[in-house]
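Report on one structure; see the data block that follows.
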Amino acid sequence: MPCVNAPIIAASGSYNQPDTGAANGGSLSATTIFTPAAAGIFRVSVYVTISNNGFADVVVNWADENHSNLSAGLNVSGTFGEQDFILHAAASAIQVSTDAGANPNPTAATYTLYWIVEQLA
């Protein structure tokens, strides 16, 4: 029987942006969701739900072992979206941020962002 190493869940969490009553549903500034003790390969999975036909831009930021700042994003318009990001991160913060609002203005939007960080190697 082959040896199977399951990913280690390093961090998980969520952020809920309530209805602000404004067309701009609010944003989450760069927030550290995990800081690795050592460089490694990680999978960051994000899932976002949105009310009122809104939109959300989710960005994942990290630094590699060469200290290059890298980012990848997910653009969601509608009710939900999900994306997995595979990254090689140094022992520095993995962050997530959002920018969200509603289509069409001035309808307000509520969104919830969920994330899981798994260490693959």
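Each value in this text was obtained by applying a stated rule to the coordinates, not by laboratory testing. Small disclaimer: the values here were computed from a predicted structure and weren't measured. Note: ideal-geometry Cβ built from the backbone for every residue, glycine included; neighbour counts use all protein chains shown.
Brief remarks follow.
- Taking amide H as placed 1.01 Å from N in the peptide plane, the amide H of E65 sits under 5 Å from that of A90, each at least 5 places away or on another chain.
- Leading residue at positive end of dipole, segment 8-119 (Cβ point charges), from I41, G73, Q17: Q17
- A simple charge model with +1 on the Cβ of Lys and Arg, -1 on the Cβ of Asp and Glu and nothing else charged puts the dipole of the chain at about 100 debye relative to its Cα centre.
- Sorted by Cβ density within 10 Å, fewest first, the residues L28, L70, L113: L70, L28, L113
- Using a Förster distance of 30 Å, the FRET efficiency for A6-T31 (Cβ separation, nearest 0.05): 0.65
- In nm, spacing of pseudo-spin labels at Y114 and L70 (7 Å Cα→C-beta vector): 2.6
- Ordered from longest to shortest, the equivalent ellipsoid semi-axes for the chain are 30, 15, 11 Å, each the square root of 5 times a Cα gyration tensor eigenvalue.
- Computed over the chain with a Gaussian network model linking Cα atoms closer than 10 Å, the most mobile of S45, S77, S68 is S68.
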